[in-house]
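Okay, structure first, notes after.
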Amino acid sequence: MPNPVPLLIVAGTVALLLLIQQLLARAAARRQSAAAAATPASQTQGQPLVEGLNVSGLDERGRDSLRALMKEGEVEALATFLAFNRPRISELDTYLQRLFEQFHAAADAVPIDQFPPLPAGLTVEPLSPTERNLLLSTDPRRQRHIDRQFMALFGGHAFLEHFELYCARETGVTLHVPPFDPVRRHFETLARSGVAAQGRQIPLQQRLSVLKMQELRQMAKDLKLAQKFTRKADATEALSQVPGAAVLLSMQYVIDDLFMLKPLEVDPHAIQQEWAWLSACAHLLASAPPRRASLDRGSSGTEKSR
């Protein structure tokens, strides 16, 4: 009969190791809890922005810029700052989330006097009815579309006017935009970021489409093409294969005056809605009382010395 002692020794050793592992795991969990409890509020909520509001995601220079914009009340500049920097203003973020959860299913518009009190003396009174409804119906945790990459594609901080131009013009179509055209600088900006093609970046067939049908027939005649065209697409396709077509086109249009907007997978309505929501948030921040628009530098210095 086999000796059971070695098996008992092995089983006891395994049980002891499991017990030690559990004790170590509990000790680690207690240390993590203690560290979390000891973490200063400034690290979990961010740094003071104005009295009653804390912000994270910004350095000292960014916080100063945000305070200045709030004080100046420049809503568009403030909304652009929020879109570009994505700061997390803990008290305002919490308020907007609770507001959405409480009222997003409301059938009728909520009167101003039914809005819960805002932090830091902010108020919804400067907001339009549309902006107030946006705050009620928009989930602050939804997917965001306007970020640094999107803004860079459309000219950086001036992205809005470039995006509006993009939405107003047809994509995939050659456009003649001479230097004196007021929107020429917008097209050049979009060409630099790759949203638009300019000049030789546009395939010859698409460049030829800037010509009228009569001009295309004349070009075919000049190039001694026997084919007769009744459709513009057929004419541009055939002429793009003929040497000399690009030269004849350049005699009528300066090549760098031709632009073509590229199709992008963007939802104009979603962008417009998000911008409107950002503007509403900017209106809220701009409503901060003047006495709270900036922190006392002495207090900031004392906090730093601590």
query = Is it true that residue 92 is in contact with a strand residue (DSSP E or B) (Cβ under 7 Å, 6 or more places away or on another chain) and not basic (Lys, Arg)?
reply = yes
ask   = Which pairs have Cβ atoms under 9 Å, sit 6 or more apart or on different chains, and link a residue in the range 125-138 that is of a type in the set (Gly, Ala, Ser) to one that is at pLDDT below 95 and not in a helix (DSSP H, G or I)?
value = 137/104; 137/106
inquiry  = Regarding the range 125-139, can at least one residue be identified that is loosely packed, with under 15 Cβ neighbours inside 10 Å, in a helix (DSSP H, G or I) and in contact with a Gly (Cβ under 9 Å, 6 or more places away or on another chain)?
reply    = no
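Suppose we filter the range 92-122 for residues that are part of a loop (DSSP other than H, G, I, E, B) and either crowded, with 16+ Cβ neighbours inside 10 Å or of a type in the set (D, E, K, R) (or both); how many remain? Give the steps one after another, and end with the answer.
Step one: list which residues in the range 92-122 are part of a loop (DSSP other than H, G, I, E, B), which gives 104-111, 115-118, 122.
Retained after the next criterion (residues that are either crowded, with 16+ Cβ neighbours inside 10 Å or of a type in the set (D, E, K, R) (or both)): 108, 110, 115, 118, 122.
Count: 5.
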message = Taking the criterion of being part of a loop (DSSP other than H, G, I, E, B) and farther than 16 Å from residue 277 by Cβ, would at least one residue in the range 71-78 satisfy it?
response = yes
inquiry  = Just to be sure before I move on: is residue 155 on the phi > 0 side of the Ramachandran plot, surrounded by fewer than 19 Cβ atoms within 10 Å (Cβ to Cβ) and under 34 Å from the mean Cα position of the chain (by Cα) in the structure I sent?
reply    = no
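Take the residues in the range 224-273 that are among the polar types (S, T, N, Q) and loosely packed, with under 14 Cβ neighbours inside 10 Å; name whichever of them is farthest from the chain's Cα centre (by Cα). Reasoning before the result, please.
Within the range 224-273, the subset among the polar types (S, T, N, Q) is 227, 230, 236, 240-241, 250, 252, 272-273.
Filter once more, keeping what is loosely packed, with under 14 Cβ neighbours inside 10 Å: 227, 230, 241, 250, 252.
Details: 227: 50, 230: 45, 241: 42, 250: 39, 252: 40 Å.
Applying the filter and picking the extreme gives 227.
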query = What's the number of the condition residue 211 fails, among (1) over 28 Å from residue 159 (Cβ atoms); (2) surrounded by fewer than 19 Cβ atoms within 10 Å (Cβ to Cβ); (3) not charged (D, E, K, R)?
reply = (2)
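The values are calculated or read from the model by the stated rules, or taken from the named source; none is laboratory data. The model shown is predicted, which means the values in this text are computed figures rather than measured ones. Note: ideal-geometry Cβ built from the backbone for every residue, glycine included; neighbour counts use all protein chains shown.
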